[in-house]
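Read the figures in this text as sums done on the coordinates, not as results from a lab. The structure presented is a predicted model; accordingly, all values stated were derived computationally and were not measured. Methodologically, a virtual Cβ is constructed for each residue, glycine included, from the backbone with ideal geometry; neighbour enumeration extends over all protein chains shown.
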Amino acid sequence: MIFDDEQQQFADTLRSFARRRLKDQYARWETEPVDAGLIEEIASLGATGLLIAEEYGGSAAGYVACGIASEELSRGDFNVSGLVQLSAIVGAALSRWGSDSVKAEWLPRIAEGSAVAALALTEPDAGSDAAAITTRAARSGGGWVLSGEKASTTFAGYAAGAIVMVRTGGPGPGGVSAFWVPLDQHGVTRQVYDSLGGKFTARGSLVFDDVFVPDDHVLGELGSGFVQAMTAFDFNRAVIGLGAVGSALESLDETIEYTKQRSTFGQPLSSRQAVSQQIAEHYSKLNAARLMGYHALELADLGRGHTAEAAMAKWMGPAWSVDAIHACLRLHGWSGYGEDLPFAQRMRDAIGLEIGDGTPEIMKAIVARELFGTATHR
């Protein structure tokens with residue numbers, strides 16, 4: 001992927017910010033609540049308004065720009081890519097399907113970072129099968145009343161609002177609708193999970209107990225929620241892959257410098273073929289995953305199908321990044337195994353994105369379906 005001048009400047013700015021501002025604080029958010037001022041600082045660089053029109057405070061920079069933001073910010077803090085992802089998903093969805101009043105109130109807040117957005121799709125018994133959701137909405141006096149539980153929701157702990165997929169009709173995908181739901185209402189309960197990694201993202205559950213949502217908060221047509229979810233998944237899977245790659249490439253860059261300085265038996269560690277070839281292999285695989293991610297996003301910017309390409313980027317990026325970061329940890333010896341260096345945290349965080357938005361098995365099934373046809377791979 002060769003960036004144009006504007007894209008390269010954006011990438012350089014974000015990489016500098018990631019190394020200067022995010023890297024030293026990466027471990028801080030493992031134990032402390034995320035600083036709202038930091039989120040607004042990230043937003044001021046344009047990272048949360050990339051799919052929002054200028055009239056609402058965004059830049060409408062496109063899908064490739066989302067990949068750049070995810071990759072470069074992840075060099076400092078892998079979890080910050082979640083802000084890029086959710087602001088892009090929600091910003092694009094509200095822009096396309098939201099009412100004028102919802103867009104006017106919420107898009108500027110998402111773009112400026114004063115409101116963190118979430119996508120509430122997964123349920124305790126419905127993961128990648130979005131058509132199997134059971135959270136329901138019933139008609140009530142000029143709006144709808146929502147009841148049910150959403151699980152494994154990124155930013156459940158502090159998001160200001162969420163796109164919530166609910167069942168408004170019969171079984172199957174045609175009965176699923178999307179609602180924009182402010183989360184400061186009576187009847188909304190949050191629980192943050194105690195996860196292995198990704199503490200910054202406050203992943204958890206949202207329980208809706210007769211929560212009222214007005215008619216103008218329905219996104220698009222009733223029954224179109226499944227299609228909306230699949231549209232979001234396609235491009236975001238590539239964005240996830242690039243975030244993982246950015247974290248792993250930073251780990252390799254650090255390890256290259258370390259092995260050039262660390263000596264064993266009178267020779268730099270980098271002179272050992274077993275070390276240099278190991279790094280070369282991981283660097284090559286990560287760049288292949290990186291190119292696939294940007295290829296998928298280029299197709300998205302052109303309005304062309306990119307389902308298979310995004311799925312390839314999603315399974316390759318996190319999986320190969322976990323392997324690469326693990327290798328960097330090992331090459332640093334016992335110091336790499338400790339929490340003073342970032343490798344253990346990066347590896348924990350990248351493992352989480354092997355699962356989020358679809359496991360490797362789901363991604364490979366999507367690629368196979370695109371290659372062979374739906375009927376062959378049910």
Item to check | FRET efficiency, 1/(1 + (r/R0)^6) with R0 45 Å, evaluated for Glu54 and Gln261 via beta carbons | outcome: 0.45
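By how many nm would the segment from Gln185 to Tyr337 grow when fully extended, if each residue of separation counts as 0.36 nm and the alpha-carbon distance is taken off?
Length gained, Gln185 through Tyr337: 50.4 nm.
Quick one: Arg139, Arg290, Arg109, fewest Cβ neighbours within 10 Å first, how do they rank?
Ranked by crowding around the Cβ, least crowded first: Arg139, Arg109, Arg290.
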Checklist outcome for this item: Cβ density ranking, 10 Å radius, fewest first, applied to Lys364, Lys314, Lys103 yields Lys364, Lys103, Lys314
Item to check | Principal axis box of the stretch 255-367, alpha-carbon based, largest edge first, Å | outcome: 56, 24, 22
Checklist outcome for this item: Length gained, Arg20-Asp129, 0.36 nm per residue minus C-alpha separation, equals 35.2 nm
Checklist entry - Hey, what does the equivalent ellipsoid look like for the stretch 275-337, semi-axes from the Cα gyration tensor as sqrt of 5 times each eigenvalue, largest first, whole Å? => result 30, 10, 7
Item to check | In Hz, Karplus ³J(HN,Hα) per residue of the stretch 73-85 (6.51, -1.76, 1.60; θ = phi - 60°; x = Gly, Pro) | outcome: 5, 5, 5, x, 8, 4, 6, 5, 4, x, 5, 4, 4
Checklist outcome for this item: Applied in sequence order to the stretch 106-114, the curve 6.51 cos²θ - 1.76 cosθ + 1.60 (Karplus, θ = phi - 60°) yields integer Hz couplings, x standing for Gly and Pro, of 9, 4, x, 5, 5, 4, 8, x, 7
Next on the checklist: Looking only at the chain, where both bridge partners belong to it, what percent of the DSSP beta bridges are antiparallel (to the nearest 5)?
Outcome noted: 85
Next on the checklist: Give me a comma-separated list of calculated 3J(HN,Hα) values for the stretch 225-237, in order, Karplus coefficients 6.51, -1.76, 1.60 applied at θ = phi - 60°, integers in Hz, x for any Gly or Pro.
Outcome noted: x, 5, 4, 4, 5, 5, 4, 5, 4, 3, 6, 5, 4
Checklist entry - Cross-link list Lys23/Lys199; Lys150/Lys364; Lys150/Lys199; Lys103/Lys150: which exceed 22 angstrom alpha carbon to alpha carbon? => result Lys150/Lys364; Lys103/Lys150
Next on the checklist: Based on alpha-carbon centroids, what's the gap between the stretch 117-156 and the stretch 348-368 in Å, whole number please?
Outcome noted: 21
Item to check | Fraction in percent of alpha-carbon pairs per bin - 20 Å, the chain | outcome: 30, 57, 13, 1
Checklist outcome for this item: Residues Ile279, Ile39 in order from fewest to most other beta-carbon atoms within 10 Å are Ile279, Ile39
Item to check | Check: the chain dipole with +1 on Lys, Arg Cβ and -1 on Asp, Glu Cβ, in debye | outcome: 920
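As an exercise, find the ratio Rg/Rh for the stretch 118-223 from alpha-carbon atoms, using the Kirkwood inverse-distance average for Rh.
For the stretch 118-223, the value is 0.96.
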Checklist entry - Once the Cα gyration tensor of the stretch 5-115 is diagonalised, what are the square roots of 5 times its eigenvalues, in whole Å and ordered largest first, as equivalent ellipsoid semi-axes? => result 24, 16, 10
